[in-house]
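Report on the following structure.
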């Protein structure tokens, strides 16, 4: 399809609303992390079994990215986003009413499939802004997404302590319905950039992975570090609510707030990626993840000092992983202007497959080796990515595309 003249970039207030939408919608994947102990107690299952709710949601999210996000290149964005929000709200109601753990796990997986709105919004917005602002705007959207991740744990931990683990699911469903009403008016009117049939759309990410070495690198970086990130957060709940600290689900949510600084770091990381290139940002972020593992290591000792260490280590981990995400997506969105949703599909599918595996590995590492095993897993995943980064060959990056590459009306 031929490109139309570049549309006006969305005003800042629209960007901020879209950032808020990213945060609210993605929260449904993360808030079960803070209430898994409450779920285990109420449904009379082990903590390890209750952690399957988190793993199922992340596997569902990875499946949704692969199956649904490519539609962002084929369908008008507004209709797609609102439909996904309505389906997610229905899934949350089903999860909140689940009578048994198997039903809750299935509902969580299905909800995860439709909770992919941020991965539709981010490539859409990248196509609506000039190339020189793409990293900064992506950073703003990711800061909203990070805020949702962080506040999700506090929201669910606090509400779960007051009203039980079902309340966060039901309240989140109401919030998503309100968000759907707002976005039905705010999302810019867009025309699809592709006329490919659905089978071609979902096969395209595999072809892009084969053809784009920079995309493969981004996928490896995020899949590995996000595995360590998910392992740390899943095991943190077991540590803080276990005998070492003996605290409640609310404490897990409050501890999660220490990562709020990453909300302010991602726009900065985006500006650095615009100025110095994403590879320079990726290097510092990978080193930051390894450093966070060293800080986290003594957190298993307990006491006030242990809590301080955990807070500092999780802060550094959050900042490093989320800033690395900005660098990776800046690299990715310069590759194929006419297929940004499919590029994002390949990238985010790999990332959340890594995150899902990390959640599973984190529970096993904690059960067998304790908290030091989890810290070691965080370091190991980052070392894999750092080794690939330091041994990368010189590749010619595709030039950044202008906003005119997006087909809009």
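The values are calculated or read from the model by the stated rules, or taken from the named source; none is laboratory data. What you see is a predicted model, and the numbers here were worked out from it, not measured in a lab. Note that we place each Cβ from the backbone using ideal geometry, even for glycine, and neighbour counts take in every protein chain shown.
Selection within segment 183-234: residues that are assigned to a loop (DSSP other than H, G, I, E, B) and more than 24 Å from the chain's Cα centre (by Cα). The member of this set that is surrounded by the most Cβ atoms within 10 Å (Cβ to Cβ) is 193. Tell me, yes or no, whether segment 145-156 has at least one residue that is in a helix (DSSP H, G or I), modelled with pLDDT of 90 or more and surrounded by 24 or more Cβ atoms within 10 Å (Cβ to Cβ). Looking for residues that are in a helix (DSSP H, G or I), modelled with pLDDT of 90 or more and surrounded by 24 or more Cβ atoms within 10 Å (Cβ to Cβ), one finds none in segment 145-156, hence no. Among the candidates 346, 294, single out the residue that is surrounded by 19 or more Cβ atoms within 10 Å (Cβ to Cβ) and in contact (Cβ under 8 Å) with a residue 40 or more places away in the chain. Of 346, 294, the one residue that is surrounded by 19 or more Cβ atoms within 10 Å (Cβ to Cβ) and in contact (Cβ under 8 Å) with a residue 40 or more places away in the chain is 346. For the subset of segment 9-51 comprising residues that are part of a helix (DSSP H, G or I) and without any contact (Cβ under 8 Å) to a residue 40 or more places away in the chain, which member is surrounded by the most Cβ atoms within 10 Å (Cβ to Cβ)? Ranking the candidates gives 40 first.
Residue 110 meets the conditions (1) surrounded by fewer than 24 Cβ atoms within 10 Å (Cβ to Cβ); (2) in a helix (DSSP H, G or I); (3) over 20 Å from the mean Cα position of the chain (by Cα) in every case but one. The failed one is (3).
Just one residue in the set 93, 54 is under 30 Å from residue 199 (Cα atoms) and assigned to a helix (DSSP H, G or I); that residue is 54. When the test is whether a residue is crowded, with 24+ Cβ neighbours inside 10 Å, under 15 Å from residue 382 (Cα atoms) and in contact with a helix residue (DSSP H, G or I) (Cβ under 6 Å, 6 or more places away or on another chain), residue 326 does not pass it.
In this structure, residue 320 does not qualify as farther than 21 Å from residue 270 by Cβ and modelled with pLDDT of 90 or more.
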